[in-house]
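Below: the structure, in structure tokens.
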Amino acid sequence: MIENLAPTTFVALAFGVVIFILLMFLPALLELRKPRDAGPRKIMNDVATCESQMKIASMERAEEIEVDQALVKKMANVLSVLPNLET
Amino acid sequence: MITVILEALFLILTSLMTGYLIRHYFFTLTVLRNAGKHKKAPALENTAFQPTVSILIPAYNEEPVIGRILQRMSELTYPTDKLQIIVIDDASKDKTGKIADRYSNIHNYVKVLHRDEKEGGRGKASALNAGLKHAKGEIVLCFDADYYPQRDITEQLAKEFEDPKVGAVQGRVTVLNEPKNMLTRLVALERIGGYRIAQQARDDLGLITQFGGTVGGFRRSLLEFLGGWDESILAEDTDLTFQVYLAGYKVRYVNDAECYEEAVESWRGYWKQRYRWSRGHMQCAFKHMLKVLGSKNLRFKEKIDAFFLLNVYFMPVLVLLSWIISIPLFFMKPPQWLGVGWAVLLISAYSFVGNFAPFFEVGIGAYLDGRTRAHWLISLLIFTFLYNIPICTKAFADLVMSKISGENKVRWDKTAHSGDGNSYIMN
């Protein structure tokens, strides 16, 4: 039955398929280009979540502070030698 | 003769896909119909039924995320005298164990099990079994290390066990790092379809609700009776789901018990994760199909749903087979009883994309969640669908080869977590 199709009908069918595919993907392309609902979906809305976020951040900072303190100690040891050198 | 055989095969395959199509539509319409009944429950604190609960958190090299979940565990509203948190540091090579120890030093209900390289690193099931030996609660819940639950999740899950017929529960998983890239947004859509619609519908209809391996748990007595997690199966969660039903219990889905997860962020990570799921699921199909179909503890509708659920990861393989068959069929002359050649073309076109029913399921799930434009990405799910075809085909081929060679060793390929999700929690 396919082989009985007139060329114009075949071209129209092919064009229709292309348009269909474009229309199907157009909303996705628009949303990816300019996301307006990228999520994540809010599943909790309590003060503890905000406090939790701050605690996690401070825990991560605590590790940085430990490193900084080690560095400061080293620098202090170096500096403590310098006045002796001056004298 | 060959044409007749190919057509018969093609029609069988298309009928199977039509079966899944009907199932998807039926699930979606069921949840839509019951939407009014599923309004979000208020936060549960101080409920009467509060059994003792042990929470198992298996962790292998989870340094980027372990602190986040343990911080959250310390904020749960469940009474701490009834709570036990067990972190299984499964021979981690990073600071996972050290971070977990920090929390265990502060909270006396947090315990850390450190497994060395000899006993650990053999996969999630092995880690969970190790944790189970130390669990004292009447209920055992599991969370993956990259998860971030709501504060009253323990109450929401534990309350279901007041019904003595409930053997296991499953909460809802929501993707935390959804905005990260296109893949994470697509995985979020898959989760919406899988939990908000499919799991909810199965629960509403009294079908086979699946325990997903995390954000859920079991009655400890039942879990110990069943022998814990099967370490030879990659989908140990699916295996236990069917064991629970075969033992005469049921699994409840609790949509209000929600938890964030970090979705895979790369296509390679997606491959590894889905390969593990599909191969594990196929192992479960071989292990449980006959038992399920012959079980006196399952009703007819549960057996039908179990059949669809156990075979779901074979479908991409069958879709590939239907494409391969449809090409020669397209060029061969069909027998008279099929009628119009257009029917063959349309059936081929339909089977090319599987079917659109899953897209409808995801779209309705997003609508019920109040999402405004997340569903605009639905058409891109065709890429994850197409990607699943080689994944599931390889999993099937590897499984068949392992059955022929008799080698049953499976390797647990862990999903790597970046810990980037923290920035999204404050959304």
Point to revise | Candidates B:Ser92, B:Ser104, B:Ser126 - the one that is closer than 18 Å to B:Pro64 by Cβ, in contact (Cβ under 8 Å) with a residue 12 or more places away in the chain and either assigned by TED's automatic domain parsing to the domain that holds B:Trp229 or surrounded by 15 or more Cβ atoms within 10 Å (Cβ to Cβ) (or both) | key: B:Ser92
Study note, to complete from the structure: A careful count of residues in region B:262-294 that are crowded, with 18+ Cβ neighbours inside 10 Å and touching a helix residue (DSSP H, G or I) at 6+ places or on another chain (Cβ under 8 Å) gives 19
Practice item. Restricting attention to region B:162-183, report how many residues are touching a Pro at 6+ places or on another chain (Cβ under 9 Å) and surrounded by 22 or more Cβ atoms within 10 Å (Cβ to Cβ). Key: 6
Practice item. Report whether or not B:Tyr253 is hydroxyl-bearing (Ser, Thr, Tyr), farther than 13 Å from B:Ala125 by Cβ, surrounded by fewer than 23 Cβ atoms within 10 Å (Cβ to Cβ) and in contact with a Ser or Thr (Cβ under 9 Å, 6 or more places away or on another chain). Key: no
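This table checks each residue for (1) modelled with pLDDT of 95 or more; (2) more than 20 Å from the chain's Cα centre (by Cα); (3) farther than 30 Å from A:Leu29 by Cβ.
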position: B:Phe330; (1), (2), (3): no, yes, yes
position: B:Gly341; (1), (2), (3): no, yes, yes
position: B:Tyr350; (1), (2), (3): no, yes, no
position: B:Ser379; (1), (2), (3): no, yes, no
position: B:Pro390; (1), (2), (3): yes, no, no
position: B:Val410; (1), (2), (3): no, no, yes
**Study point:** Which listed residue is more than 14 Å from the chain's Cα centre (by Cα), surrounded by 24 or more Cβ atoms within 10 Å (Cβ to Cβ) and among the aromatic types (Phe, Trp, Tyr), from B:Phe225, B:Phe218, B:Phe211
**Key:** B:Phe218
Exercise for review: Sort out for me the helices (runs of 4 or more DSSP H) sitting completely within region B:181-275 that have 1 or more residues that are touching a residue at least 24 places away in the same chain (Cβ under 8 Å) and farther than 22 Å from B:Ile364 by Cα.
Suggested key: B:220-225, B:236-246
**Study point:** From A:Ala14, A:Ala62, residue being within 26 Å of the chain's Cα centre (by Cα) and either in a helix (DSSP H, G or I) or modelled with pLDDT of 85 or more (or both)
**Key:** A:Ala62
Study note, to complete from the structure: If you go through B:Lys136, B:Lys165, the only one that is more than 24 Å from B:His114 (Cα to Cα) and of a type in the set (Lys, Arg) is B:Lys165
Review point. Any idea which residue in region B:8-19 is nearest to B:Val362 (Cα to Cα), counting only those that are hydroxyl-bearing (Ser, Thr, Tyr) and surrounded by fewer than 18 Cβ atoms within 10 Å (Cβ to Cβ)?
Key: B:Thr18
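The values are calculated or read from the model by the stated rules, or taken from the named source; none is laboratory data. What you see is a predicted model, and the numbers here were worked out from it, not measured in a lab. For neighbour counting, all protein chains shown are included, and Cβ atoms are generated from backbone atoms with ideal geometry for every residue, glycine included.
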